[in-house]
Amino acid sequence: MRLRIRSRLVRCAAAVAVAPMLVALPAPVQAKPAPVPVTPTTKRVPLLAPANPALGRDVRSLSTAAAVPGARGQAGAAGVAASRVAGSAATARLQVLGATAVQRVPTDVAVIGLTWRENTGTRVTVQYRTLTRSTWGPWQAIETDPTRGEPGSSGARAGTDPIVVTSVSAVQARVLGPAGGAPVDAALEIIDPGQSAYDGVAGSAGAEAGAAQAAAGRPAMNSRASWGANEAIRRAQPSMGAVKGVVVHHTAGTNNYTPAQVPAILRGIYAFHVKGRKWNDIAYNALVDKWGRVWEGRYGGLEQPVAGAHTLGYNGHTMGISMMGDYGQSKPSTAALDAIARIIAWKASIHQFTPNGATNLYGRRSPVVVGHRNVGQTTCPGTYLYAKLPWIRSRAAALSGYLPSLTLSRDIDHGGGSDVLALDAAGRLQVLGARWDGTMAAPRTMGAGWSAFDQVLAAGDVDSDGDADILARHAATGRLLLYANTSRGGLARGRVVGVGWSVFTRLVAPGDVTGDGRPDLIGQSASGDLRLYPGNGKAGFLKSRVIATGLPAYRFLVGVGDWEADRTRALIGVTADGAGYLLRGVGPTGIASTVRLDGDFSAYQGLTGVSDTDGDGMTELFAVDSSGSTWLGRRSGSTSVSWSPAGPSAAGLTVFSG
């Protein structure tokens with residue numbers, strides 16, 4: 001038995017010894033392509049006269065005319081009216097004013113659209129059709145914009161929205177309208193967005209970085225470089241505005257695109273806006289595809305208040321987000337809806353607006369998050385997406401962690417950031433605004449005749465009209481005056497809203513302490529007591545209550561919002577000897593605790609809170625030293641503040657605390 005086993009072992013060993021050894025070698029690792037800028041090519045095709053023999057009878061016939069969409073501006077009213085008239089009656093007043101010959105589409109993904117001379121063709125309707133294999137699809141209407149769309153862009157042209165077409169072999173466009181109303185110099189733009197080896201993997205980088213970014217509240221985003229944006233074709237540097245609201249759009253065109261085609265679609269829209277419409281850049285600040293991937297649009301940084309070209313008349317004070325696809329035809333995906341909500345939530349934490357609240361845009365009260373159709377004569381963002389706006393508002397509010405009670409509403413000049421108020425030697429009110437790069441802008445005069453006031457506070461939206469207002473205490477009489485914001489960054493005439501306020505050594509505008517959405521006021525008496533005055537939302541205050549007693553007589557007492565990012569409100573007080581204290585958990589019934597801050601604050605001649613200057617969502621301190629140099633203080637530990645230069649000099653200015 002043993003010998004038999006041994007011989008078997010020997011035979012097996014011999015077999016192993018002589019048999020070739022097969023080792024699985026690793027497959028060569030394919031290097032991941034790097035993103036590169038891609039330059040789209042544009043073919044411009046002029047319109048032909050209707051009688052041109054190159055146009056067939058089916059182009060001149062209106063029997064297959066699609067319903068006319070609501071277009072913006074003057075054309076919108078006519079378009080909406082026409083679409084409500086049945087069939088032949090709607091087309092009876094229209095005729096073909098021009099059309100293109102059949103144009104070959106050179107790639108699987110292309111972007112098309114018409115442009116023409118600004119302020120001509122103001123009542124036209126534009127239609128297009130596509131050829132797939134050997135079959136022409138129906139004529140489809142494109143929404144039109146008879147205006148330049150972006151003030152300040154040189155040579156800007158009127159035109160249509162860009163339309164994305166995929167897997168078609170040819171396209172044709174025509175213009176309908178009343179006799180004599182043809183647009184001047186009209187042409188069809190056919191854009192080949194080009195290709196990049198990176199297109200197939202673009203979008204994955206944002207997903208991979210998503211976990212780290214989500215921890216900071218920032219959703220995963222794909223940069224302009226990832227979709228191949230060629231910065232050489234961009235026509236200007238970005239201009240900064242404010243973000244008081246969000247306008248939701250859709251790009252229209254096809255919904256049948258693949259993940260790998262998204263970068264090309266973005267390049268095509270970019271090229272149409274820049275080369276066709278002659279705008280400075282792509283119109284939207286951000287775009288979201290149907291898989292919920294977020295793509296950076298207009299250059300300048302998504303955390304910045306970059307003014308877009310997405311909604312004429314509202315670009316300077318809103319962010320534009322566009323969902324890629326036509327959502328008058330299809331329902332948006334849950335992933336895409338959630339991505340839009342996450343962008344809005346993140347922007348709300350930076351720019352301090354309530355996603356499900358209301359705001360004041362150029363004197364018009366509206367929801368913070370609106371559809372394009374709410375602020376323009378258009379059907380955008382489509383019936384199905386528009387119906388989801390209430391869900392988007394609610395979801396963004398829940399995600400943002402933004403609560404009116406935790407932030408400081410101090411955008412007095414409508415610059416989009418937090419403002420610091422100061423007085424110069426001539427009694428003129430000066431405003432220093434956040435620049436969104438971690439510094440403050442130079443002082444700007446906002447009005448004269450303020451020398452009678454000893455305390456001037458950026459108090460939030462005291463009168464509930466959507467704009468941050470100023471409260472000022474008259475030194476001689478103790479009267480409290482409201483200077484209401486006029487919605488364009490100006491101030492209305494002051495009116496008395498209270499008397500007897502001279503009993504307080506310090507007044508603080510901490511924001512909404514009570515949690516009812518209305519800004520409140522805190523006064524400190526000489527005895528060290530803090531008294532809370534809840535705002536009534538009508539430029540007045542309700543019955544006061546004492547929330548703390550026996551505190552030091554602070555030289556400075558300032559609101560710093562959610563200083564510790566713990567969803568509670570805080571104040572910082574500085575005593576005459578330069579000791580700083582953090583007053584934690586300030587609420588309608590008291591203060592949770594007080595802790596000594598590290599460092600010496602005695603060098604500062606002015607101190608106040610600013611809501612955010614660098615896009616991290618955190619409140620900061622603004623300080624002025626004896627030389628007039630300005631500093632920004634950021635929380636760097638449980639009791640530490642780190643300081644960096646704020647930029648402008650405040651020499652000769654009295655910076656108001658609170």
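The values are calculated or read from the model by the stated rules, or taken from the named source; none is laboratory data. Because the structure is predicted, anything quoted here is derived from the model rather than measured. Neighbour counts are summed over all protein chains in view; Cβ atoms, including those assigned to glycine, are modelled from backbone coordinates with ideal geometry. Please note that ligands, DNA and RNA were not included when accessible areas were found on the heavy atoms of the full protein model with its side chains. Shrake-Rupley method; radii C 1.70, N 1.55, O 1.52, S 1.80 Å.
For this structure, a couple of remarks:
- In the set Thr514, Thr477, only one residue is of a type in the set (S, T, N, Q), loosely packed, with under 15 Cβ neighbours inside 10 Å, assigned to a loop (DSSP other than H, G, I, E, B) and touching a residue at least 12 places away in the same chain (Cβ under 8 Å); that residue is Thr477.
- Counted residues, region 166-209 - those being of a type in the set (Val, Ile, Thr) and either within 29 Å of Pro238 (Cα to Cα) or assigned to a helix (DSSP H, G or I) (or both): 3
- Selection status of Thr407, more than 17 Å from the chain's Cα centre (by Cα), at pLDDT below 90, under 25 Å from Thr334 (Cα atoms) and surrounded by 24 or more Cβ atoms within 10 Å (Cβ to Cβ): no
- From Ala309, Ala335, residue being open to solvent by less than 10 Å² (accessible area, probe 1.4 Å) and touching a residue at least 12 places away in the same chain (Cβ under 8 Å): Ala309
- Filter pass, Asp566 being outside any strand (DSSP E or B), out of contact with any strand residue (DSSP E or B) (no Cβ under 9 Å at 6 or more places or on another chain), farther than 19 Å from Val456 by Cβ and of a type outside the set (Gly, Ala, Ser): no
- In region 537-563, residue surrounded by the fewest Cβ atoms within 10 Å (Cβ to Cβ) [restricted to those that are small (Gly, Ala, Ser) and under 18 Å from Asp419 (Cα atoms)]: Gly561
- Any hit, region 149-165, residues being part of a loop (DSSP other than H, G, I, E, B), open to solvent by 30 Å² or more (accessible area, probe 1.4 Å) and free of Cβ contacts under 8 Å to residues at least 60 places away in the same chain: yes
- Condition met for Arg365 (outside any loop (DSSP other than H, G, I, E, B), in contact (Cβ under 8 Å) with a residue 12 or more places away in the chain and surrounded by 19 or more Cβ atoms within 10 Å (Cβ to Cβ)): no
- Among the criteria (1) in a loop (DSSP other than H, G, I, E, B); (2) open to solvent by less than 40 Å² (accessible area, probe 1.4 Å); (3) at pLDDT 90 or above, the one Ala252 does not fulfil is (3).
- Test result for His351, modelled with pLDDT under 90 and touching a His at 6+ places or on another chain (Cβ under 9 Å): no
- Only one entry of Leu582, Leu607 meets the criterion of being open to solvent by less than 10 Å² (accessible area, probe 1.4 Å), under 35 Å from the mean Cα position of the chain (by Cα) and either closer than 24 Å to Arg435 by Cβ or of a type in the set (S, T, N, Q) (or both), and that entry is Leu607.
- Each residue in region 620-658 was checked for being assigned to a loop (DSSP other than H, G, I, E, B) and touching a Phe, Trp or Tyr at 6+ places or on another chain (Cβ under 6 Å), and 2 pass.
- The listed residues are Tyr327, Tyr299, Tyr270, and the only one of them that is open to solvent by 10 Å² or more (accessible area, probe 1.4 Å) and hydroxyl-bearing (Ser, Thr, Tyr) turns out to be Tyr299.
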